[in-house]
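Heads up: the structure comes next, in structure tokens.
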Amino acid sequence: MAEVATNGSEVLAAPAAVPAPAAFTGLKVQVTVPAGRAEEAVAFYKAAFAAEEVSRSTHPKRKGDGEEAALLCAELKVGAATLLVCDQAGDDVPAVGKEGAAASGLVLRLETDDVNAAAVQAAAAGGAPQGEVTEDGCGLSATLVDPFGVTWILASSTSAKKCA
């Protein structure tokens with residue numbers, strides 16, 4: 001501590017420098033699927049949620065089906081949100097396990113103007129409905145678990161306004 005002033009018999013110290021807070025520019029949800037299943041996951045999210053693929057990165061040394069390089073991550077747009085779907089390339093990042101993402105407290109909420117149609121579309125693509133479409137004071141919602149263990153709540157897009 002540097003001495004800066006005295007107050008009678010007391011030595012006052014300069015206040016410690018406070019680091020500036022980190023600035024963040026966005027949040028992207030990343031779903032890591034078991035090794036070798038990233039292509040399958042991308043196809044599911046396209047079919048279930050009309051996701052659009054924005055970009056992809058491949059592993060130069062690993063091969064997927066055929067002679068193409070294996071998919072490492074794909075960036076998808078789902079509505080206005082970004083979803084990264086990544087292959088588990090090693091043990092450093094755990095993939096969604098048998099318990100699913102909900103076991104860790106992660107549940108993804110996807111808002112839509114037509115919950116019934118979205119639930120039918122996601123189920124047709126391979127999602128497992130968890131009960132029926134329900135209505136409460138916030139609007140309609142449906143819950144499903146995708147083939148990779150991720151729990152999704154499909155909810156009325158107006159629900160945030162009604163429940164706020």
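The values are calculated or read from the model by the stated rules, or taken from the named source; none is laboratory data. Treat the numbers as computed from the prediction; the structure is a model and nothing was measured. Neighbour counts run over all protein chains shown; Cβ positions are idealised from the backbone, glycine included. Just the protein is used for accessible areas: all its heavy atoms, side chains included, with ligands, DNA and RNA removed. Shrake-Rupley method; radii C 1.70, N 1.55, O 1.52, S 1.80 Å.
Given 12, 76, 27, 71, which one is within 16 Å of the chain's Cα centre (by Cα) and at pLDDT below 90?
Working: 12 fails: within 16 Å of the chain's Cα centre (by Cα); 76 fails: at pLDDT below 90; 71 fails: within 16 Å of the chain's Cα centre (by Cα).
Step by step, each of 12, 76, 27, 71 is checked, and only 27 is within 16 Å of the chain's Cα centre (by Cα) and at pLDDT below 90.
Would you check which residues across segment 113-140 are surrounded by 12 or more Cβ atoms within 10 Å (Cβ to Cβ), touching a Ser or Thr at 6+ places or on another chain (Cβ under 6 Å) and of a type outside the set (A, V, I, L, M, F, W, C) and list them?
130, 139
Going by the structure shown, is residue 104 at pLDDT below 80 and among the hydroxyl-bearing types (Ser, Thr, Tyr)?
On the way: at pLDDT below 80: yes; among the hydroxyl-bearing types (Ser, Thr, Tyr): yes.
Answer is yes for this residue.
Residue check, residue 88 against (1) at pLDDT below 85; (2) open to solvent by 50 Å² or more (accessible area, probe 1.4 Å); (3) touching a strand residue (DSSP E or B) at 6+ places or on another chain (Cβ under 6 Å), all met but one. Which one?
So the condition that residue 88 fails would be (2).
Please go through segment 23-43 and pick out each residue that is surrounded by 12 or more Cβ atoms within 10 Å (Cβ to Cβ) and part of a loop (DSSP other than H, G, I, E, B). Let's see the steps before the verdict.
Pass one, segment 23-43, residues surrounded by 12 or more Cβ atoms within 10 Å (Cβ to Cβ): 29-43.
Within segment 23-43, 34, 35, 36, 37 qualify.
Among the residues of segment 133-147, how many are part of a strand (DSSP E or B) and under 14 Å from residue 157 (Cα atoms)?
Here is the first cut: in segment 133-147, the residues part of a strand (DSSP E or B) are 134-136, 139-145.
Filter once more, so that each one left must be under 14 Å from residue 157 (Cα atoms): 135-136, 139-142.
So the answer is 6.
When residue 96 is evaluated against the numbered criteria (1) open to solvent by 50 Å² or more (accessible area, probe 1.4 Å); (2) at pLDDT below 90; (3) of a type in the set (Val, Ile, Thr), which criterion, by number, is the only one it fails?
That leaves (1) as the condition not met.
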